[in-house]
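*Asks:* Sending over a structure as structure tokens; questions will come in a sec.
The values are calculated or read from the model by the stated rules, or taken from the named source; none is laboratory data. All figures in this text were calculated on a predicted structure; none of them were measured in a lab. Virtual Cβ from ideal backbone geometry, glycine too; neighbours counted across all protein chains shown.
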Amino acid sequence: MENNGTYRWPPQNGGNKKPTDFKKAGKVVAIIAVVMVLVIGVMTCFYTVDDKQQAVVTTFGKVTDVTDAGVHFMLPFGIQQVHKVEVNVYQKIELGYASDDTKYGYEVNENESTMITGDYNIVNVDFFVEYKISDPVQYLFSSNDPEMILRNLIQSQVRNVVGSSTVDSVLTDGKENIQMQVKDLVAQILQEYDIGLTLVDVKIQDSEPPTTDVIEAFKAVETAKQQAETVVNDAKAYQNAKLPDAQAQADKLIQNAEYLKQKRINEAIEQVAMFEAMYAEYALNPEITRSRMYYEAISQILPGVKLYISTTGEGSDVQMLLPLESIVGGN
């Protein structure tokens with residue numbers, strides 16, 4: 001400060017800072033800031049999608065692209081945003097129970113599991129449902145909570161189907177049919193709602209009556225059915241073991257019958273040929289043939305009798321002597 005009370009710049013007492021020094025420092029800071037912004041921008045320009053995902057890209061809040069697995073480019077500074085969705089992963093919903101780490105393996109939720117059947121009986125039914133995301137855009141933007149919508153929808157259709165079924169079918173042999181009905185109904189409604197989810201499978205995890213006595217009774221019925229199936233399977237196994245032998249015996253009898261048939265045919269053909277030959281001889285010499293046939297018939301009718309043929313006829317001078325056995329030396 002001078003004696004007249006005024007200030008002067010730069011100081012006259014040896015100060016060495018000048019305005020140009022501050023300007024240079026400001027430029028350096030600005031350059032560093034720009035470089036950092038550029039580095040951050042470049043680092044946020046790329047994103048990676050794994051093989052289980054699809055990414056929905058929005059530009060100023062509007063969907064502009066859906067990308068698959070790989071490395072992709074996006075505009076930085078919030079111009080574009082990426083929403084990754086697990087599309088190739090099966091997800092599950094548990095109705096009537098919740099898996100946990102307790103010694104029982106699950107926690108019962110009676111509010112969801114208790115249902116009434118079509119014949120006015122109360123049962124506890126637990127369902128296990130698998131689903132996957134089929135349309136990531138619809139999944140993200142068509143509803144606030146697609147999983148909750150699906151859960152409520154499944155629970156509604158489960159109660160609908162169980163409410164039209166008998167207690168026997170719910171607890172014993174009708175489970176598969178109930179699962180198929182629930183799956184078909186939910187799939188149709190999901191197609192109408194179009195919330196980006198697809199139902200993969202519906203399984204009855206467990207079904208039982210609410211009281212111990214009824215549970216034991218149905219267990220006894222199920223045991224009896226299993227025993228009946230075992231007996232039927234044993235009978236089929238016995239049938240399968242014996243059937244080849246019976247078939248072989250039948251084939252043997254058929255082959256033997258065919259052999260006898262052919263033998264009889266051949267014998268008949270032979271007899272016809274002999275008869276025709278005999279008839280030809282008879283036509284040439286009727287008397288001789290008649291005598292021959294007579295003697296052959298006598299030999300067949302009386303196999304133990306000796307037959308002597310006398311060539312002497314009426315008017316012959318030769319006389320036959322009796323007894324003939326002693327003359328010819330027969331026994």
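*Asks:* Could you tell me whether K225 is free of Cβ contacts under 8 Å to residues at least 24 places away in the same chain and out of contact with any Phe, Trp or Tyr (no Cβ under 6 Å at 6 or more places or on another chain)?
*Replies:* No, not satisfied.
*Asks:* Still on this model: Which residue, of D206, D184, is of a type outside the set (A, V, I, L, M) and in contact (Cβ under 8 Å) with a residue 12 or more places away in the chain?
*Replies:* So the residue among D206, D184 that is of a type outside the set (A, V, I, L, M) and in contact (Cβ under 8 Å) with a residue 12 or more places away in the chain is D206.
*Asks:* Could you check S143 against (1) part of a loop (DSSP other than H, G, I, E, B); (2) out of contact with any helix residue (DSSP H, G or I) (no Cβ under 8 Å at 6 or more places or on another chain) and say which number it fails?
*Replies:* All conditions are met except number (2).
*Asks:* Output the number of the condition that T289 fails; it satisfies all remaining conditions of (1) touching an Asp or Glu at 6+ places or on another chain (Cβ under 7 Å); (2) under 30 Å from D168 (Cα atoms).
*Replies:* Answer for T289: the failing condition is (2).
*Asks:* For the range 57-64, indicate whether the set of residues that are more than 30 Å from N124 (Cβ to Cβ), touching a residue at least 40 places away in the same chain (Cβ under 8 Å) and touching a Pro at 6+ places or on another chain (Cβ under 7 Å) is non-empty.
*Replies:* The answer is no, given that none of the residues of the range 57-64 is more than 30 Å from N124 (Cβ to Cβ), touching a residue at least 40 places away in the same chain (Cβ under 8 Å) and touching a Pro at 6+ places or on another chain (Cβ under 7 Å).
*Asks:* Also, quick follow-up: In the set V71, V85, which member is at pLDDT 85 or above and closer than 19 Å to L197 by Cα?
*Replies:* Residue meeting the stated conditions: V85.
*Asks:* So Q179 fits all but one of (1) crowded, with 17+ Cβ neighbours inside 10 Å; (2) part of a loop (DSSP other than H, G, I, E, B); (3) not charged (D, E, K, R); what number is the exception?
*Replies:* Only one criterion is unmet by Q179, namely (2).
*Asks:* Next up: Please indicate, with yes or no, whether at least one residue in the range 320-331 is assigned to a helix (DSSP H, G or I) and modelled with pLDDT of 80 or more.
*Replies:* No - not one qualifying residue is present in the range 320-331.
*Asks:* Name the pairs whose Cβ atoms lie under 6 Å apart, with the first residue in the range 107-136 and under 29 Å from V85 (Cβ atoms), the second basic (K, R), and 6 or more positions between them or separate chains?
*Replies:* Sorted first by the residue in the range 107-136, then by its partner, the pairs are F128/K203; E130/K92.
*Asks:* Can you find a residue that is surrounded by fewer than 20 Cβ atoms within 10 Å (Cβ to Cβ), farther than 30 Å from K62 by Cβ and not assigned by TED's automatic domain parsing to the domain that holds Q54 anywhere in the range 137-147?
*Replies:* No - not one qualifying residue is present in the range 137-147.
*Asks:* Answer with yes or no whether V232 is modelled with pLDDT of 85 or more and either outside the structural domain of V125 (by TED's automatic domain parsing) or assigned to a helix (DSSP H, G or I) (or both).
*Replies:* Here the answer is yes, as V232 does meet what is asked.
*Asks:* Still on this structure, I have one more. State yes or no: is V202 buried (at least 18 other Cβ atoms within 10 Å of the Cβ), at pLDDT 90 or above and in a strand (DSSP E or B)?
*Replies:* Yes; evaluated as a whole, the condition is true for this residue.
*Asks:* A further question follows. Quickly run through the range 61-89 and pick out the residues that are in contact with a Gly (Cβ under 9 Å, 6 or more places away or on another chain) and over 17 Å from F46 (Cβ atoms).
*Replies:* The answer is V85, and nothing else.
*Asks:* Just need a number here: residues in the range 151-174 that are assigned to a helix (DSSP H, G or I) and modelled with pLDDT under 90.
*Replies:* 5
*Asks:* Now for a different question. Show the residue pairs that are 6+ apart or on different chains and have beta-carbon atoms under 9 Å apart, the first residue being within the range 255-284 and exposed (fewer than 10 other Cβ atoms within 10 Å of the Cβ), the second being among the β-branched types (V, I, T).
*Replies:* A283/T289
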